[in-house]
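So the structure is just underneath, and the comments pick up after that.
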Amino acid sequence: MSAEPRINDRIRVPEVRLVGPSGEQVGIVPLAKALELAQEYDLDLVEVAATARPPVCKLMDYGKFKYESAMKAREARKNQAHTVIKEMKLRPKIDPHDYDTKKGHVVRFLKQGDKVKITIMFRGREQSRPELGFRLLQRLASDVEDLGFIESNPKQDGRNMIMVLGPHKKKTEAMAEAREAQAARKAERQGTTDAPSEGDTAEAPAEAAEAPAETPSEA
């Protein structure tokens, strides 16, 4: 079955509840009268509520209505954001420099509005010290608490321990901020490019006055 509403001669009811072009309520009128008004306004009679009794129809430019609806749907899809789950793997005895690097990636992911799955990988005897992984995960969560929260508490999964961090910001908010920052950087670059250089604004240095030639003194 077609999802499009019935229009004009495709409407098969004796009477309709008519809505005018500006949304005004005309009332219940015979179908023939509604079609006559549609011709007078050079518009379409569109059934907007088929299950009502009688069905509700509106006078509108159906072609324009379909075009605008398609544009709105396209814009909505363009702005639609999907939360992505990023993954970061750490070792229980990670050195400070590597930890700072990994934490930087987690910060970037959370700022982008993405979730982060943190995996602690145990090897050999490390498997008997799960508290090392737990403390590391708690430390990381504390270090990024201004950007994210613990969505899934640390839990053992075979040789690994897993925790999921969720961002405080929604993906749409992060995307909007990123677009604003990009526009600001672009405007700043343009301003720098358009600004006159120092050589253009500085006055040309006055030419040094030529010193008069010395007249040799007579002996």
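The values are calculated or read from the model by the stated rules, or taken from the named source; none is laboratory data. Since this is a predicted model, take the numbers as computed values, not measurements. Cβ sites come from the backbone with ideal geometry, for glycine too, and all protein chains shown count toward neighbours. Note: areas computed on protein heavy atoms with side chains; ligands, DNA, RNA excluded. Shrake-Rupley method; radii C 1.70, N 1.55, O 1.52, S 1.80 Å.
Averaging over all projection directions, find the projected area of the Cα convex hull of the stretch 1-67 and quote it in nm² with one decimal place. Spell out each step's value before the answer.
Numbers: hull surface 17.7 nm².
Its Cα hull, projected and averaged over all orientations, spans 4.4 nm².
Order 179-189, 35-45 from most to least packed using the mean count of other Cβ atoms within 10 Å. Working shown, then result.
Details: 179-189: 10.0, 35-45: 15.8.
Ranked by mean Cβ neighbours within 10 Å, highest first: 35-45, 179-189.
Could you tell me which of MET71, ALA50, ALA34 has its Cα farthest along the dipole of the stretch 4-115 towards the positive end, charges placed at Cβ (Lys, Arg +1; Asp, Glu -1), taken about the Cα centre?
Final value for the positive-end residue is MET71.
Under 14 Å from a point 7 Å along the Cα-to-Cβ line of GLU24: which residues of the stretch 35-60 have their amide N that close?
41, 59
Compute, for GLU177, the solvent-accessible surface of its heavy atoms (probe 1.4 Å) with the complete set of protein chains present, and express it in square angstrom to the nearest 10.
90
With labels modelled as points extended 7 Å from the Cα through the Cβ direction, what inter-label distance (nm, one decimal) is found for VAL84 paired with ARG108?
Here the answer is 1.1 nm between the modelled labels.
With all protein chains present and a 1.4 Å probe, how do LYS66, LYS58 order by accessible area, largest first? Provide the component values of the computation, followed by the final result.
Working: LYS66 90, LYS58 60 Å².
So the residues, ranked largest to smallest area, are LYS66, LYS58.
Round to the nearest 0.05 the FRET efficiency obtained for HIS168 and ASP61 when R0 = 45 Å and r is the Cβ-Cβ distance.
0.50
Assuming 1.567 mPa s and 4 °C, estimate D for the stretch 83-141 with Stokes-Einstein, Rh taken as the Kirkwood radius over Cα pairs, in µm²/s. Could you put the intermediate results ahead of the total?
Numbers: Rh = 12.0 Å.
My calculation gives 108 µm²/s for D.
PHE149's amide H: which non-local residues (gap 5+, or another chain) put their own amide H closer than 5 Å, with H modeled 1.01 Å from N in plane and none for Pro or chain starts?
For PHE149, whose amide H was placed from the backbone, the distant partners under 5 Å are GLY166, HIS168.
Between ALA49 and GLU145, what is 0.36 nm times their sequence separation minus the Cα-Cα distance? Round to one decimal in nm. Can you show the working numbers first?
Numbers: separation 96, 0.36 × 96 = 34.56 nm, distance 4.96 nm.
So the extension gain works out to 29.6 nm.
Whose amide H sits under 5 Å from the amide H of VAL16, counting only residues 5 or more places off or on another chain, with H placed in the peptide plane?
The answer is VAL29, LEU31.
Can you tell me the alpha carbon radius of gyration of the stretch 13-169 divided by the globular rule-of-thumb value 2.2 N^0.38 Å? Don't skip to the answer; put the middle values down first.
Working: Rg = 30.0 Å, N = 157, 2.2 N^0.38 = 15.0 Å.
Ratio of Rg to 2.2 N^0.38 Å for the stretch 13-169: 1.99.
What percentages make up the Cα-Cα pair-distance distribution of the stretch 122-172 when the bins are 10 Å wide from 0?
With 10 Å bins starting at 0, P(r) equals 25, 46, 23, 7, 0.
What FRET efficiency do you get for GLU188 and GLU4 if R0 is 41 Å and r is their Cβ-Cβ distance, rounded to the nearest 0.05? Walk me through the numbers on the way to the answer.
Working: r = 48 Å, r/R0 = 1.17.
After rounding, the FRET efficiency stands at 0.30.
Any idea how far apart GLN156 and ARG135 come out in nm if each label point goes 7 Å out from Cα toward Cβ?
1.8
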